[in-house]
Amino acid sequence: MSPDLPPALRQGVDALLHGVRRSGLAARSSDLSDGYRAGKASKVVIRSAEDAAAYAAARLPATYAAVARALSEADERLVDFQPTSLLDAGSGPGAAGWAATQLWGSLETAVLLDSSRIFLDLAKRLAAGGPPALAQADRRLADLTQADPWPRADLVLASYVLAELPQDKIPDVVENLWSACDGLMVVVEPGSSEGWAKIKLARDRLIALGAVLVAPCAHALPCPIQAPDWCHFVQRLPRSRDHRQAKGADRPFEDEKFIYLIAARPELALTGQAPRILAPPRQTKTAIEFKICTPAGTCSTHTVARRDKDNYPAARRLDWGDLGLGE
Ligand SMILES: C[S@@+](CC[C@H](N)C(=O)[O-])C[C@H]1O[C@@H](n2cnc3c(N)ncnc32)[C@H](O)[C@@H]1O
């Protein structure tokens, strides 16, 4: 699945920026990036429709690309999953739902939950020219830390929202979302050590609740990765002219570091577990070395020698984040 924004979403973001002074946009985007990096929540960083538009220009393309990649990894393991209903928790301007509707044309209904009216209004505006499930979505002002029962859905998304919740609330928020999940739950976070710590809290609770881990973990045993190391991946995405101007950057692409977790109800059919590549492959003169998470619950190095004519050509095509390689 492509990391590029779908044309209708790209047009929606471009329309938001029509007539906005680029110098003002770059300053606003830089303020909000600094705010998020400093650990501030959206309620502090996004105070106006202009702030939300700056988020759409500067951050939405990257959160879209990270969710698209996570969904693609899920899709590799799912056998005939055709969700019809979506719950997007902490939806912001709704990028995750756009990625889901790109992959699953079967989606007919969507509920968006967010504590920011400004973001919900922006999600509505962007979705006006989008897929029917999003254009007609039910957008609700809601606090995920409340123990409310959320509307049930085949697909539950929580993208870059755990980062904004207190650590001690995360297991219960995740449990509450899992109770609403009839099929697949997808959690995506920034690829920092803090993001990984929050994903691990979600992972522990989901395993305790009987969820089946789909990706990226190759097993449901205790995570073998030890700090100061942490698990994360990188998704490259193209930057449009507006995106570059919003970021005050020249490079035509950016690399979004992210971490994700995908869990399924046991009834969902999946292909078998396989090792996952956890870092950029290391090429030496005689071999390629892969750091892998294995179905046996270990994190280890797998080496494919250049003289291994059966496996070397395929190994050369594998990259960080991919599934593959025998143990
Ligand atoms: C960084 S934004 C991510 C938005 C979107 N999911 C994305 O991936 O682009 C975090 C979102 O979580 C929402 N949020 C934060 N705390 C929340 C809470 N307790 N309940 C509901 N939404 C919350 C914010 O309002 C914001 O829209």
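Computed from the coordinates by the stated procedures, all read-outs in this text should not be read as laboratory data. As the structure is a prediction and not an experimental result, all values here were calculated from the model. FYI the Cβ positions are ideal-geometry reconstructions off the backbone, even for glycines, and counts take in every protein chain you see.
Once R0 is set to 30 Å, what does the formula 1/(1 + (r/R0)^6) return for the Cβ-Cβ distance between Asp229 and Ala27, expressed as a FRET efficiency to the nearest 0.05? Result of the calculation: an efficiency of 0.25.
One chain, two ends: Arg37 and His18. Fully extended at 0.36 nm per residue, the span grows by 4.1 nm beyond their Cα-Cα distance. In summary, the convex hull built on the alpha carbon positions of the chain has an orientation-averaged projected area of 16.5 nm². Over all other residues within a Cβ to Cβ distance under 9 Å of Ile170, the charged ones net out to +1, with Lys and Arg as +1 and Asp and Glu as -1. What is the angle, in °, between the Cα long axis of helix 193-208 and the longest principal axis of the Cα atoms in the chain? Nearest 10 is fine, range 0 to 90. Long axis of 193-208 versus the principal axis of the chain: about 70 degrees. Comparing Leu112, Leu17, Leu120 in a Gaussian network model of the chain (Cα springs below 10 Å), the most mobile by mean-square fluctuation is Leu17. Structural descriptor for the chain: relative contact order 17 percent, calculated from alpha carbon pairs under 8 angstrom and at least 6 residues apart.
Applying 1/(1 + (r/R0)^6) with R0 = 25 Å to the Cβ-Cβ distance of Asp168 and Glu267 gives a FRET efficiency near 0.20. In a fully extended conformation the segment linking Asp143 and Thr286 would gain 46.0 nm over its present Cα-Cα distance, using 0.36 nm per residue. Residues Phe81, Phe119, ranked from the fewest to the most other C-beta atoms within 10 Å, line up as Phe81, Phe119. Secondary structure note: in the chain, about 60% of the DSSP beta bridges are antiparallel. Cross-link check: pairs Lys40/Lys198; Lys43/Lys257; Lys124/Lys198; Lys198/Lys247; Lys285/Lys309 evaluated at a Cα-Cα cut-off of 18 Å; pairs beyond the cut-off: Lys43/Lys257; Lys124/Lys198; Lys198/Lys247. Take the Cα radius of gyration of region 217-294 and divide it by 2.2 N^0.38 Å, N being the number of residues; the result is 1.51.
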